[in-house]
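Step one of this worksheet: look at the structure below.
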Amino acid sequence: MPMAASEIERLIRASLPDAEVTIEDLAGDGDHYACTVVSEAFRGRSRVQQHQLVYAALSGHMGGALHALAIQTSAP
């Protein structure tokens, strides 16, 4: 079952409360998304560490309900 963009945003915000999150459904199928996440939690962290924080926020949904997610992260 596809995952709604609002659910992705909710999960990210639950883990990174200050985050500005933008989600785009790339294929219109609820399985392929791009997201931009801006959070102070990313400051001083490598891009890999930033992405790991986002993946951790999605708590195991990647590869299941969420098939593909392109991530862009930055600190404010």
Point to revise | Using a Förster distance of 25 Å, the FRET efficiency for SER6-ALA75 (Cβ separation, nearest 0.05) | key: 0.55
Check your understanding: Assuming R0 = 25 Å, what is the FRET efficiency of ARG47 and HIS67, from their Cβ-Cβ distance, to the nearest 0.05?
Key -> 0.70
Review point. Given labels modelled 7 Å from the Cα in the Cβ direction, how far is it in nm from ALA34 to ALA14?
Key: 2.7
Practice item. Provide the per residue accessible area, probe 1.4 Å, for the chain, rounded to a whole number of square angstrom. Key: 56
Review point. Tally Lys and Arg at +1 and Asp and Glu at -1 over the other residues with C-beta under 15 Å from the C-beta of GLU20: what net charge comes out?
Key: -1
Revision key, fill the gap. Total charge of the residues flanking CYS35 in space, meaning their Cβ is under 14 Å from its Cβ, with Lys and Arg +1 and Asp and Glu -1, is -4
**Study point:** Estimated distance in nm for a label pair at LEU26 and TYR55, the labels positioned 7 Å out from Cα along Cα-to-Cβ
**Key:** 1.6
Check your understanding: Given a 1.4 Å probe and every protein chain left where it sits, what share in percent of the accessible area of the chain is carbon and sulfur?
Key -> 52
Revision key, fill the gap. Evaluated at 20 °C and 1.002 mPa s, the Stokes-Einstein D of the chain based on the Kirkwood radius over Cα pairs, in µm²/s, stands at 175
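The values are calculated or read from the model by the stated rules, or taken from the named source; none is laboratory data. Everything quoted here is computed from the prediction, not taken from an experiment. Backbone-built Cβ (ideal geometry, glycine too); neighbour counts: all protein chains shown. Note: accessible area is taken over every heavy atom of the protein model, side chains too, but ligands, DNA and RNA are not part of it. Shrake-Rupley method; radii C 1.70, N 1.55, O 1.52, S 1.80 Å.
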